[in-house]
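Since the structure comes first, as structure tokens, the remarks are kept for the end.
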Amino acid sequence: MHDDTRCLQTNDATAPLGFQSLSFPVFRGSTVVFPTVDAYQRRRETFYDGYSYGLYGTPTSRALEARIASLECGTYSHVVPSGLAAIVLTILAVAKAGDQVLLPDSVYDPVRTLSDNFLSFLGIEVGYYDPLIGGGIAALLNDRVRLVLVESPGSATMEIQDMAAIVKAARASGSLVAADNTWATPLRLKPLAMGIDFSICALSKYLSGHSDVLMGSVAVRDETLYRRLRDVSRYLGYGVSPEDCSLVMRGIETLPIRLDRAEANALAIAKWLQERPEVLSVLHPALPSHPGHELWQRDFLGSSGLFSVVLQSWTRPRVASAIESLEFFSIGASWGGTKSIVAVIDPQPARTTTRTDIQGPLIRFSIGLEHVDDLLADLEKSFRILAAEMVEPSMPTRREI
């Protein structure tokens, strides 16, 4: 079955006799009732695959989890309140005091904050590695490293990691590997099929797709890992709204066409930006000029609408004015919805073990579903403001004339 079709498959649901619908029902409820005392006293036996209390799952959340597991080429998935919560859950499910976790130096910034201010408090040691290290990560692995997180492309700076080499090294050392698959979604990358143990996705982005839901997921193939995720999720009191689950399931049905449109729009805009004198470089893995393009071609089935641009350093005085002049781009931190978003990342993202060569302002674009000609016209107008800052070296000043 193709992913486009898989996105539309619904699970059977209990419905009144004679009523069938194309949408999955929203099952609300905190208390789950049982037919007998014995069934109630044995309710924890159904914790992993049944229903014991509303916080731990409803038919609506279970239906969403089944659909995500299918798209991820996994056996199980578990949904939690946010993408960051999914990363927290994965780390805490495998690491304890005295263990180590390795994160790419280009990691999503809130994960850095989590690591430096919370994991260290728990006695979990965090190490940052060069995202381009590939198989060289073997030198950092030992029997204390419980988990290696990969995020490809890297957050904001868009590094493509050699995930196959990292998985091979981790297998040899006994470490587990988790991938933040939010940028690619399960339609563009299948981490579990590559041998990665956990595939994490911020459902708040492309899968929900309309900028109105906060949720995350973790997909696995191994039942032991799944049960561990569910256990730790229960300890943390994680739960999701059935209404939100319903919205994500609705979003998944249009994910293929939304992602195709965002991808096409983003590539057209990225190629236009490459020709602008105000732009130093365009960080988009699908462009042949990107340093990780060959790895992207090897591992990914396509791209999405998120990429970054490094502007010439001389544009800095006018960047805010240029961005604020945009009509069809909103300024915001999230992405993956129907509408285009832009974020100015200046100063540059934090680094611990590596340095970037980025000197100019870094602009991150999340390209939405607007007509690409309207977006390009909007950018053209905005870039005129940046161009006003440029002085041609060969042109004499008025005083020299």
Any hit, the range 21-35, residues being touching a helix residue (DSSP H, G or I) at 6+ places or on another chain (Cβ under 8 Å), of a type in the set (S, T, N, Q) and closer than 17 Å to L229 by Cβ: no
Residue count for the range 272-316, restricted to those that are outside any helix (DSSP H, G or I) and on the phi < 0 side of the Ramachandran plot: 30
Among the residues listed as G237, G209, G251, G195, the single one being free of Cβ contacts under 8 Å to residues at least 60 places away in the same chain and on the phi > 0 side of the Ramachandran plot: G195
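Evaluate the following for T113: is it at pLDDT below 95, surrounded by 22 or more Cβ atoms within 10 Å (Cβ to Cβ) and in the same structural domain as L149 (by TED's automatic domain parsing)?
no
Could you tell me how many of the residues in the range 281-302 are polar (S, T, N, Q) and over 15 Å from T157 (Cα atoms)?
1
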Qualifying positions in the range 20-40 - β-branched (V, I, T) and surrounded by 11 or more Cβ atoms within 10 Å (Cβ to Cβ): V26, V32
Filter result for S313 (closer than 20 Å to L273 by Cβ, among the small types (G, A, S) and under 18 Å from the mean Cα position of the chain (by Cα)): no
Given (1) under 21 Å from N265 (Cα atoms); (2) in contact with a Lys or Arg (Cβ under 7 Å, 6 or more places away or on another chain), number of the condition F328 does not satisfy: (2)
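Sort through S233, S308, S281, S246 and tell me the only one that's in contact with a strand residue (DSSP E or B) (Cβ under 7 Å, 6 or more places away or on another chain) and closer than 30 Å to S52 by Cβ.
None of the other options fit; the residue is S233.
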Some residue of the range 86-109 being at pLDDT below 95, of a type outside the set (D, E, K, R), surrounded by fewer than 17 Cβ atoms within 10 Å (Cβ to Cβ) and touching a strand residue (DSSP E or B) at 6+ places or on another chain (Cβ under 8 Å): no
Positions within the range 29-61 being more than 22 Å from A178 (Cα to Cα) and touching a residue at least 24 places away in the same chain (Cβ under 8 Å), in sequence order: G29, S30, F47, G54, L55, Y56, T58, P59, T60, S61
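The values are calculated or read from the model by the stated rules, or taken from the named source; none is laboratory data. Predicted, not measured: the structure shown is a model, and the values here were computed from it. Counting neighbours? That spans all protein chains shown, and the Cβs are built from the backbone with ideal geometry, glycine included.
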